[in-house]
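These notes concern the structure reproduced below.
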Amino acid sequence: MLNLEDYAIHFVGLKEGEHQFEYKINNAFFDEFDYQEFLKSDIQVEVNLIKKSTHLEFDFHIKGQVEVECDLTLESFNLPIENSLSLVVKFGDEFKEVDDELLYIPHGQYEFQIEQFIYECVILAIPQKKIHPGVEDGTLDSEILEKLNQHSIDKEDNLKNKEIDPRWDKLKKLLKD
């Protein structure tokens, strides 16, 4: 069970200026968001807060690795991730999210919960298509990959075996003239 109080930044007691916070997150963090895509995760989170008299500036930086399954072969592998996210929090009459980088919170608020922004920063670092590095460099020995290669269509062989309509040759000759 994740203790959400660990991710609450009490900014009222902080002096104006720069403050740094560090977190180490793993799968227990993602269980709170019901996100089950990672087999394992080991991520360092650095949060830099610049407190000013009128607003708060947050810079999130994540770096680490997550163990995921390859979308092609279903083999698990460690995917290194790194991402940054900036957020400006201003004070207003009510909670209002203007865009991805600007947020208003009510006057009188004394803390700010950052777990959602950490979660978004990590999720946005994951590519849509996760391919095992061994597939790209040809070193992965996988039964699924062998089956895919057996059933794939080789475009070069397909073009060689296919006869070209002689009418195309006459049209190509017109282009050269």
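Observations
- For the chain, relative contact order (Cα pairs under 8 Å, six or more residues apart, normalised by length) works out to 18 percent.
- Ranking of Ser84, Ser41, Ser142 by count of other Cβ atoms within 10 Å, fewest first: Ser84, Ser142, Ser41
- Relative contact order of the stretch 44-132, pairs being alpha-carbon contacts under 8 Å that are 6 or more residues apart, as %: 27 percent
- With K and R counted +1 and D and E -1, the other residues having a Cβ less than 10 Å from that of Leu102 yield a net charge of -2.
- Distance cut-off 17 Å, percentage of C-alpha pairs in the stretch 4-136 lying past it: 61 percent
- Charge-dipole axis of the stretch 4-136 as Lys and Arg at +1 and Asp and Glu at -1 on Cβ define it, positive-most pick from Pro106, Gly17, Leu74: Gly17
- About the Cα centre, charge dipole magnitude for the stretch 4-136 (Lys/Arg +1, Asp/Glu -1 at Cβ), debye: 340 debye
Bear in mind that the values in this text are calculations on the coordinates, not laboratory data. What you are looking at is a predicted structure, and each value in this text was computed from that prediction instead of being measured. Ideal geometry is used to build each Cβ from the backbone, glycine not excepted, and the neighbour counts take in all protein chains shown.
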